[in-house]
Amino acid sequence: MRKFLAGLLGMVLCVQTVYGIPGRAADVFESGERPKAMQDVIRQEDPEQTNRDNSGNLTGLELSAESAVIMEASGGQVLLEKNADEKKPPASVTKVMTLLLIFDALADGTITPDTEVTTSEYAASMGGSQVFLEAGEKQTVDTMIKCIAVASANDACVAMAEKIAGSEPAFVEKMNQRSAGLGMTNTHFVNCNGLDTEGHYSTAYDIALMSRELTVNYPEIFDYTSIWMEDITHHTARGDTSFTLNNTNHLIKQYPYATGLKTGFTSTAGFCLSATASKDGMDFIAVVLNAPSSKERMADIETLFEWGFANCQVYTDENLDSLPKLPVSRGRHSQLSLKYESAFYHLDTTNTAGELAKKIELPDSVEAPIKKGDIIGKAVYTLNDNTVGSVNLLASESIPLITLKDTCQQLLHRFFLSEPD
(Lines give C-alpha, C1' and ligand atoms only; values in the text may rest on other atoms or scores of the structure.)
Protein backbone atom coordinates (compact mmCIF):
# COMPACT_ATOMS: atom_id res chain seq x y z
CA MET A 1 0.00 0.00 0.00
CA ARG A 2 2.84 2.41 0.86
CA LYS A 3 4.43 1.65 -2.45
CA PHE A 4 1.14 2.35 -4.24
CA LEU A 5 0.58 5.70 -2.45
CA ALA A 6 4.15 6.78 -3.10
CA GLY A 7 3.77 5.98 -6.77
CA LEU A 8 0.48 7.83 -6.97
CA LEU A 9 1.93 10.90 -5.26
CA GLY A 10 4.81 10.88 -7.66
CA MET A 11 2.47 10.77 -10.66
CA VAL A 12 0.37 13.65 -9.26
CA LEU A 13 3.47 15.79 -8.77
CA CYS A 14 4.57 14.95 -12.28
CA VAL A 15 1.17 15.95 -13.70
CA GLN A 16 1.31 19.23 -11.76
CA THR A 17 4.64 19.96 -13.37
CA VAL A 18 3.54 18.99 -16.91
CA TYR A 19 0.09 20.60 -16.86
CA GLY A 20 0.91 23.50 -14.58
CA ILE A 21 -2.03 22.66 -12.29
CA PRO A 22 -1.87 24.43 -8.91
CA GLY A 23 -1.94 22.14 -5.90
CA ARG A 24 -4.51 24.05 -3.81
CA ALA A 25 -8.20 23.31 -4.40
CA ALA A 26 -9.07 27.02 -4.30
CA ASP A 27 -6.68 27.65 -7.22
CA VAL A 28 -7.88 24.89 -9.52
CA PHE A 29 -9.08 27.22 -12.32
CA GLU A 30 -6.88 29.81 -13.96
CA SER A 31 -8.13 33.36 -13.70
CA GLY A 32 -6.46 34.65 -16.83
CA GLU A 33 -7.71 34.23 -20.41
CA ARG A 34 -5.96 31.64 -22.51
CA PRO A 35 -3.78 32.74 -25.44
CA LYS A 36 -5.52 32.52 -28.78
CA ALA A 37 -4.76 29.37 -30.73
CA MET A 38 -4.06 31.43 -33.82
CA GLN A 39 -3.46 35.16 -33.89
CA ASP A 40 -4.58 37.55 -36.61
CA VAL A 41 -7.12 35.16 -38.07
CA ILE A 42 -8.46 36.44 -41.37
CA ARG A 43 -12.24 36.37 -41.37
CA GLN A 44 -14.27 35.49 -44.42
CA GLU A 45 -15.58 38.51 -46.25
CA ASP A 46 -19.14 39.08 -45.08
CA PRO A 47 -21.40 37.98 -47.99
CA GLU A 48 -24.04 40.45 -46.80
CA GLN A 49 -21.72 43.39 -47.47
CA THR A 50 -21.87 44.90 -50.93
CA ASN A 51 -18.85 46.08 -52.88
CA ARG A 52 -20.45 49.35 -53.85
CA ASP A 53 -17.35 51.52 -53.71
CA ASN A 54 -15.78 49.56 -56.56
CA SER A 55 -18.93 49.05 -58.61
CA GLY A 56 -18.64 52.06 -60.89
CA ASN A 57 -21.45 53.95 -62.56
CA LEU A 58 -22.40 51.70 -65.44
CA THR A 59 -19.46 52.91 -67.51
CA GLY A 60 -19.95 51.98 -71.13
CA LEU A 61 -23.58 50.90 -70.71
CA GLU A 62 -26.31 52.99 -72.26
CA LEU A 63 -29.41 52.98 -70.07
CA SER A 64 -32.55 55.06 -70.45
CA ALA A 65 -33.79 54.63 -66.85
CA GLU A 66 -32.94 57.33 -64.32
CA SER A 67 -31.86 54.79 -61.67
CA ALA A 68 -30.51 51.29 -62.02
CA VAL A 69 -28.55 48.59 -60.21
CA ILE A 70 -27.47 45.00 -60.80
CA MET A 71 -26.77 42.71 -57.83
CA GLU A 72 -25.54 39.12 -57.64
CA ALA A 73 -28.24 37.39 -55.63
CA SER A 74 -26.46 34.71 -53.60
CA GLY A 75 -23.86 37.05 -52.09
CA GLY A 76 -25.64 40.39 -52.38
CA GLN A 77 -22.76 42.12 -54.14
CA VAL A 78 -23.58 45.19 -56.22
CA LEU A 79 -21.86 45.01 -59.60
CA LEU A 80 -22.89 48.23 -61.32
CA GLU A 81 -25.22 51.06 -60.41
CA LYS A 82 -26.62 54.33 -61.65
CA ASN A 83 -28.13 56.80 -59.17
CA ALA A 84 -29.00 53.76 -57.07
CA ASP A 85 -29.68 55.74 -53.88
CA GLU A 86 -31.98 58.37 -55.37
CA LYS A 87 -35.42 58.27 -53.77
CA LYS A 88 -38.15 57.68 -56.32
CA PRO A 89 -41.75 56.44 -56.35
CA PRO A 90 -41.50 52.67 -56.91
CA ALA A 91 -45.04 52.12 -58.26
CA SER A 92 -46.10 48.45 -58.13
CA VAL A 93 -42.55 47.25 -57.45
CA THR A 94 -43.72 48.04 -53.90
CA LYS A 95 -45.49 44.68 -54.07
CA VAL A 96 -42.16 42.89 -53.67
CA MET A 97 -42.31 43.88 -49.98
CA THR A 98 -45.99 42.93 -49.80
CA LEU A 99 -45.15 39.50 -51.19
CA LEU A 100 -42.23 39.19 -48.77
CA LEU A 101 -44.53 39.74 -45.79
CA ILE A 102 -47.05 37.26 -47.22
CA PHE A 103 -44.33 34.60 -47.47
CA ASP A 104 -43.13 35.50 -43.97
CA ALA A 105 -46.67 34.83 -42.74
CA LEU A 106 -46.74 31.51 -44.61
CA ALA A 107 -43.41 30.56 -43.05
CA ASP A 108 -44.50 31.30 -39.47
CA GLY A 109 -47.86 29.56 -39.90
CA THR A 110 -50.05 32.67 -39.66
CA ILE A 111 -51.64 31.61 -42.94
CA THR A 112 -51.48 28.64 -45.31
CA PRO A 113 -51.89 28.53 -49.09
CA ASP A 114 -55.44 27.22 -48.55
CA THR A 115 -56.47 29.92 -46.07
CA GLU A 116 -59.52 31.79 -47.32
CA VAL A 117 -59.28 35.58 -47.61
CA THR A 118 -62.42 37.72 -47.68
CA THR A 119 -62.31 40.90 -49.73
CA SER A 120 -63.45 43.99 -47.82
CA GLU A 121 -65.31 46.97 -49.26
CA TYR A 122 -62.10 48.96 -48.99
CA ALA A 123 -59.98 46.35 -50.77
CA ALA A 124 -62.56 46.07 -53.56
CA SER A 125 -62.47 49.84 -54.07
CA MET A 126 -58.81 49.93 -55.16
CA GLY A 127 -58.20 51.47 -58.54
CA GLY A 128 -55.35 50.92 -60.97
CA SER A 129 -54.22 47.41 -61.76
CA GLN A 130 -56.71 44.94 -60.28
CA VAL A 131 -58.49 41.62 -60.73
CA PHE A 132 -61.91 43.10 -59.81
CA LEU A 133 -62.46 41.30 -56.54
CA GLU A 134 -65.93 42.04 -55.12
CA ALA A 135 -66.72 42.91 -51.52
CA GLY A 136 -67.38 39.68 -49.64
CA GLU A 137 -65.66 37.54 -52.26
CA LYS A 138 -63.43 34.80 -50.90
CA GLN A 139 -60.25 33.53 -52.47
CA THR A 140 -57.43 31.37 -51.15
CA VAL A 141 -54.04 32.80 -50.25
CA ASP A 142 -52.59 30.82 -53.16
CA THR A 143 -54.92 32.56 -55.61
CA MET A 144 -54.28 35.96 -54.05
CA ILE A 145 -50.52 35.50 -54.49
CA LYS A 146 -51.08 34.70 -58.16
CA CYS A 147 -53.18 37.84 -58.53
CA ILE A 148 -50.41 39.96 -57.00
CA ALA A 149 -47.35 38.32 -58.58
CA VAL A 150 -48.82 37.84 -62.06
CA ALA A 151 -51.44 40.54 -62.57
CA SER A 152 -50.14 43.12 -60.03
CA ALA A 153 -53.58 43.32 -58.41
CA ASN A 154 -53.98 46.26 -56.02
CA ASP A 155 -57.23 44.87 -54.61
CA ALA A 156 -55.61 41.52 -53.78
CA CYS A 157 -52.74 43.34 -52.03
CA VAL A 158 -55.07 45.18 -49.69
CA ALA A 159 -57.14 42.07 -49.01
CA MET A 160 -53.98 40.18 -48.02
CA ALA A 161 -52.74 43.11 -45.92
CA GLU A 162 -55.99 43.12 -43.97
CA LYS A 163 -55.87 39.35 -43.54
CA ILE A 164 -52.34 39.35 -42.13
CA ALA A 165 -52.29 42.57 -40.08
CA GLY A 166 -55.95 43.48 -39.60
CA SER A 167 -55.74 46.67 -41.66
CA GLU A 168 -53.63 48.15 -44.43
CA PRO A 169 -52.04 50.80 -42.13
CA ALA A 170 -50.98 48.07 -39.69
CA PHE A 171 -49.56 46.05 -42.57
CA VAL A 172 -47.67 49.07 -43.91
CA GLU A 173 -46.12 49.50 -40.48
CA LYS A 174 -44.83 45.93 -40.79
CA MET A 175 -43.50 46.75 -44.26
CA ASN A 176 -41.48 49.65 -42.89
CA GLN A 177 -40.19 47.57 -39.99
CA ARG A 178 -39.12 44.81 -42.38
CA SER A 179 -37.41 47.28 -44.71
CA ALA A 180 -35.52 48.85 -41.80
CA GLY A 181 -34.30 45.42 -40.78
CA LEU A 182 -32.92 44.89 -44.28
CA GLY A 183 -30.99 48.14 -44.22
CA MET A 184 -33.31 49.89 -46.68
CA THR A 185 -32.40 53.31 -45.33
CA ASN A 186 -33.90 55.31 -48.21
CA THR A 187 -37.32 53.67 -48.29
CA HIS A 188 -40.67 54.61 -46.76
CA PHE A 189 -43.94 52.88 -47.56
CA VAL A 190 -47.36 54.50 -47.21
CA ASN A 191 -49.44 51.79 -48.88
CA CYS A 192 -49.06 48.13 -49.81
CA ASN A 193 -49.64 48.36 -53.56
CA GLY A 194 -47.56 51.28 -54.84
CA LEU A 195 -50.24 53.74 -55.88
CA ASP A 196 -48.70 57.23 -56.01
CA THR A 197 -48.90 58.79 -52.55
CA GLU A 198 -46.87 61.57 -50.96
CA GLY A 199 -44.08 60.14 -48.83
CA HIS A 200 -44.08 56.74 -50.56
CA TYR A 201 -40.62 56.18 -52.02
CA SER A 202 -37.69 53.79 -52.41
CA THR A 203 -34.46 53.43 -54.39
CA ALA A 204 -33.04 51.01 -56.93
CA TYR A 205 -30.58 49.70 -54.34
CA ASP A 206 -33.21 49.24 -51.61
CA ILE A 207 -35.50 47.45 -54.05
CA ALA A 208 -32.65 45.09 -54.93
CA LEU A 209 -32.24 44.36 -51.20
CA MET A 210 -35.89 43.40 -50.67
CA SER A 211 -35.97 41.48 -53.95
CA ARG A 212 -32.97 39.46 -52.79
CA GLU A 213 -34.60 38.79 -49.42
CA LEU A 214 -37.75 37.50 -51.11
CA THR A 215 -36.12 35.34 -53.76
CA VAL A 216 -33.27 33.86 -51.69
CA ASN A 217 -35.42 33.02 -48.65
CA TYR A 218 -38.54 32.02 -50.59
CA PRO A 219 -37.52 30.64 -54.00
CA GLU A 220 -41.06 29.27 -54.36
CA ILE A 221 -42.01 32.80 -55.43
CA PHE A 222 -40.70 31.79 -58.86
CA ASP A 223 -43.53 29.26 -59.13
CA TYR A 224 -45.80 32.31 -59.31
CA THR A 225 -43.68 34.87 -61.18
CA SER A 226 -43.04 32.39 -64.02
CA ILE A 227 -46.78 32.03 -64.78
CA TRP A 228 -47.50 33.67 -68.12
CA MET A 229 -51.27 33.27 -68.20
CA GLU A 230 -53.75 31.52 -65.91
CA ASP A 231 -57.46 31.67 -65.17
CA ILE A 232 -58.94 32.24 -61.73
CA THR A 233 -62.60 31.95 -60.78
CA HIS A 234 -64.57 34.70 -59.05
CA HIS A 235 -67.03 33.22 -56.53
CA THR A 236 -69.69 35.85 -55.88
CA ALA A 237 -73.39 36.10 -55.05
CA ARG A 238 -74.04 36.45 -58.78
CA GLY A 239 -72.36 33.13 -59.51
CA ASP A 240 -68.96 31.97 -60.72
CA THR A 241 -67.09 33.80 -63.45
CA SER A 242 -63.68 33.21 -64.97
CA PHE A 243 -60.96 35.86 -65.08
CA THR A 244 -57.63 35.54 -66.94
CA LEU A 245 -54.42 36.66 -65.25
CA ASN A 246 -51.82 37.98 -67.71
CA ASN A 247 -48.26 38.48 -66.51
CA THR A 248 -47.26 42.14 -66.57
CA ASN A 249 -43.59 41.14 -66.75
CA HIS A 250 -43.07 40.44 -70.46
CA LEU A 251 -39.39 39.82 -69.80
CA ILE A 252 -40.14 36.19 -68.88
CA LYS A 253 -41.16 35.65 -72.50
CA GLN A 254 -38.61 37.94 -74.13
CA TYR A 255 -35.46 36.97 -72.23
CA PRO A 256 -34.55 33.27 -72.00
CA TYR A 257 -32.94 33.44 -68.53
CA ALA A 258 -35.61 35.56 -66.82
CA THR A 259 -37.34 34.10 -63.74
CA GLY A 260 -39.39 37.08 -62.41
CA LEU A 261 -40.01 39.48 -60.56
CA LYS A 262 -42.23 42.64 -60.48
CA THR A 263 -43.12 45.47 -62.81
CA GLY A 264 -44.45 48.91 -61.92
CA PHE A 265 -45.85 51.96 -63.66
CA THR A 266 -47.56 55.20 -62.76
CA SER A 267 -47.43 58.57 -64.50
CA THR A 268 -45.23 59.84 -61.68
CA ALA A 269 -42.95 56.81 -61.26
CA GLY A 270 -42.51 56.04 -64.93
CA PHE A 271 -41.76 52.48 -66.02
CA CYS A 272 -40.09 50.43 -63.28
CA LEU A 273 -38.98 46.83 -62.95
CA SER A 274 -37.20 44.59 -60.47
CA ALA A 275 -36.17 41.53 -62.46
CA THR A 276 -34.38 38.26 -61.74
CA ALA A 277 -32.47 35.97 -64.07
CA SER A 278 -30.47 32.76 -63.72
CA LYS A 279 -27.82 31.20 -65.97
CA ASP A 280 -24.88 28.81 -65.44
CA GLY A 281 -25.30 28.82 -61.67
CA MET A 282 -25.39 32.61 -61.43
CA ASP A 283 -28.43 34.54 -60.20
CA PHE A 284 -28.79 38.26 -60.77
CA ILE A 285 -31.24 40.92 -59.65
CA ALA A 286 -31.54 44.02 -61.84
CA VAL A 287 -33.65 47.06 -60.99
CA VAL A 288 -34.55 50.05 -63.14
CA LEU A 289 -36.67 53.02 -62.05
CA ASN A 290 -38.30 55.71 -64.14
CA ALA A 291 -37.59 54.42 -67.64
CA PRO A 292 -39.36 56.34 -70.46
CA SER A 293 -41.29 53.32 -71.79
CA SER A 294 -42.01 49.66 -71.18
CA LYS A 295 -39.81 48.72 -74.14
CA GLU A 296 -36.88 50.73 -72.80
CA ARG A 297 -37.12 49.33 -69.28
CA MET A 298 -36.97 45.81 -70.74
CA ALA A 299 -33.97 46.76 -72.87
CA ASP A 300 -32.20 48.26 -69.84
CA ILE A 301 -32.74 45.12 -67.78
CA GLU A 302 -31.47 42.87 -70.59
CA THR A 303 -28.39 45.08 -70.95
CA LEU A 304 -27.62 44.69 -67.24
CA PHE A 305 -28.15 40.94 -67.27
CA GLU A 306 -26.03 40.43 -70.38
CA TRP A 307 -23.20 42.42 -68.82
CA GLY A 308 -23.43 40.33 -65.64
CA PHE A 309 -23.41 36.97 -67.37
CA ALA A 310 -20.55 38.04 -69.66
CA ASN A 311 -18.28 39.45 -66.96
CA CYS A 312 -18.90 37.42 -63.81
CA GLN A 313 -18.20 33.99 -62.43
CA VAL A 314 -19.31 32.61 -59.05
CA TYR A 315 -17.11 30.19 -57.10
CA THR A 316 -18.57 28.35 -54.12
CA ASP A 317 -17.61 25.60 -51.69
CA GLU A 318 -20.27 24.11 -49.41
CA ASN A 319 -17.51 22.98 -47.02
CA LEU A 320 -18.99 19.55 -46.34
CA ASP A 321 -15.63 17.77 -45.98
CA SER A 322 -14.40 16.46 -42.61
CA LEU A 323 -11.91 18.45 -40.58
CA PRO A 324 -9.14 16.88 -38.48
CA LYS A 325 -9.35 16.78 -34.70
CA LEU A 326 -6.71 18.79 -32.87
CA PRO A 327 -4.74 17.66 -29.79
CA VAL A 328 -5.68 19.64 -26.67
CA SER A 329 -3.28 20.35 -23.82
CA ARG A 330 -4.44 20.97 -20.25
CA GLY A 331 -8.01 20.14 -21.25
CA ARG A 332 -10.61 17.82 -19.79
CA HIS A 333 -10.71 16.20 -23.24
CA SER A 334 -7.63 15.41 -25.28
CA GLN A 335 -9.03 16.23 -28.74
CA LEU A 336 -11.04 19.10 -30.22
CA SER A 337 -13.59 18.75 -33.03
CA LEU A 338 -13.80 21.55 -35.60
CA LYS A 339 -16.40 22.93 -37.99
CA TYR A 340 -16.55 25.49 -40.79
CA GLU A 341 -18.13 28.82 -39.92
CA SER A 342 -19.98 28.87 -43.25
CA ALA A 343 -19.90 27.86 -46.86
CA PHE A 344 -17.52 29.82 -49.10
CA TYR A 345 -18.64 32.25 -51.78
CA HIS A 346 -16.60 34.34 -54.19
CA LEU A 347 -17.80 36.45 -57.08
CA ASP A 348 -15.15 37.13 -59.70
CA THR A 349 -15.95 40.14 -61.88
CA THR A 350 -13.00 39.70 -64.24
CA ASN A 351 -14.41 36.53 -65.81
CA THR A 352 -11.33 34.61 -64.66
CA ALA A 353 -11.12 30.96 -65.67
CA GLY A 354 -9.48 28.65 -63.18
CA GLU A 355 -9.80 26.13 -60.37
CA LEU A 356 -10.67 27.14 -56.83
CA ALA A 357 -8.15 25.66 -54.36
CA LYS A 358 -8.53 25.37 -50.59
CA LYS A 359 -5.79 25.17 -47.93
CA ILE A 360 -6.57 24.34 -44.29
CA GLU A 361 -4.51 26.39 -41.83
CA LEU A 362 -4.49 25.09 -38.23
CA PRO A 363 -2.10 25.10 -35.28
CA ASP A 364 -0.47 21.80 -34.29
CA SER A 365 -2.44 21.83 -31.03
CA VAL A 366 -4.60 24.07 -28.85
CA GLU A 367 -4.65 24.81 -25.14
CA ALA A 368 -7.68 24.66 -22.86
CA PRO A 369 -9.93 26.30 -21.87
CA ILE A 370 -11.74 26.44 -25.24
CA LYS A 371 -15.22 27.82 -25.84
CA LYS A 372 -17.56 26.48 -28.48
CA GLY A 373 -17.36 28.85 -31.46
CA ASP A 374 -13.78 30.01 -30.76
CA ILE A 375 -11.82 30.71 -33.96
CA ILE A 376 -9.14 28.04 -34.21
CA GLY A 377 -7.94 28.36 -37.79
CA LYS A 378 -9.10 29.12 -41.30
CA ALA A 379 -9.61 27.66 -44.74
CA VAL A 380 -7.89 29.86 -47.33
CA TYR A 381 -9.12 29.88 -50.93
CA THR A 382 -7.03 30.72 -53.97
CA LEU A 383 -7.91 31.17 -57.62
CA ASN A 384 -4.98 30.86 -60.00
CA ASP A 385 -2.63 31.26 -57.01
CA ASN A 386 -4.32 34.50 -55.93
CA THR A 387 -5.99 34.51 -52.50
CA VAL A 388 -9.70 35.31 -52.90
CA GLY A 389 -11.03 34.76 -49.38
CA SER A 390 -11.21 32.53 -46.34
CA VAL A 391 -13.62 30.87 -43.93
CA ASN A 392 -12.99 30.57 -40.21
CA LEU A 393 -12.65 27.15 -38.61
CA LEU A 394 -14.42 27.07 -35.27
CA ALA A 395 -14.37 24.90 -32.15
CA SER A 396 -17.49 22.75 -32.31
CA GLU A 397 -17.46 22.09 -28.55
CA SER A 398 -16.30 23.63 -25.28
CA ILE A 399 -13.38 22.05 -23.44
CA PRO A 400 -12.73 23.32 -19.90
CA LEU A 401 -9.36 23.36 -18.17
CA ILE A 402 -8.54 20.07 -16.50
CA THR A 403 -8.66 20.09 -12.66
CA LEU A 404 -6.55 18.24 -10.14
CA LYS A 405 -9.56 16.10 -9.33
CA ASP A 406 -9.97 15.17 -13.01
CA THR A 407 -6.27 14.28 -13.19
CA CYS A 408 -6.38 12.07 -10.10
CA GLN A 409 -9.44 10.25 -11.39
CA GLN A 410 -7.77 9.64 -14.74
CA LEU A 411 -4.57 8.43 -13.09
CA LEU A 412 -6.44 6.11 -10.75
CA HIS A 413 -8.39 4.74 -13.67
CA ARG A 414 -5.24 4.13 -15.69
CA PHE A 415 -3.35 2.71 -12.68
CA PHE A 416 -5.97 0.13 -11.87
CA LEU A 417 -6.41 -0.79 -15.53
CA SER A 418 -2.66 -1.37 -15.83
CA GLU A 419 -2.19 -3.06 -12.41
CA PRO A 420 -1.49 -6.80 -12.86
CA ASP A 421 -3.80 -9.36 -11.30
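A few comments on the model shown:
- Gained length - residue 180 relative to residue 295, 0.36 nm times residue gap less alpha-carbon distance: 38.1 nm
- Calculated FRET efficiency, residue 385 to residue 325, Cβ-Cβ distance, R0 = 30 Å: about 0.50 to the nearest 0.05.
- Accessible surface of region 103-230 [probe 1.4 Å, protein heavy atoms]: carbon and sulfur percent: 50 percent
- Percent RCO, i.e. relative contact order, over region 92-238, from Cα pairs under 8 Å lying at least 6 residues apart: 27 percent
- Sorting the segments 194-207, 64-77 by their mean number of nearby beta carbons within 10 angstrom, highest to lowest, gives 64-77, 194-207.
- Solvent-accessible surface (1.4 angstrom probe) belonging to residue 235, in square angstrom, nearest 10: 90 Å²
- On full extension, the segment bounded by residue 198 and residue 167 gains 9.2 nm, given 0.36 nm per residue less the C-alpha separation.
- Paramagnetic reach from residue 134 (point 7 Å along Cα→Cβ, amide N under 12 Å) across region 229-244: 234-242
- Centroid-to-centroid, using Cα positions, region 248-322 and region 119-146 are 29 Å apart.
- Here the spin labels are modelled as points 7 Å beyond Cα on the Cα-Cβ line, and at residue 316 and residue 403 they lie 4.7 nm apart.
- For the residue pairs 87/174; 87/295; 146/295; 82/253; 95/279; 87/358, the alpha carbons lie more than 31 Å apart in 87/358.
The values are calculated or read from the model by the stated rules, or taken from the named source; none is laboratory data. The structure displayed is predicted, hence computed values, not measured ones. Don't worry about glycine lacking a Cβ; one is built from the backbone with ideal geometry, like all the others, and counts go over all protein chains shown. Side chains are part of the model used for accessible areas, which takes the heavy atoms of the whole protein and leaves out ligands, DNA and RNA. Shrake-Rupley method; radii C 1.70, N 1.55, O 1.52, S 1.80 Å.
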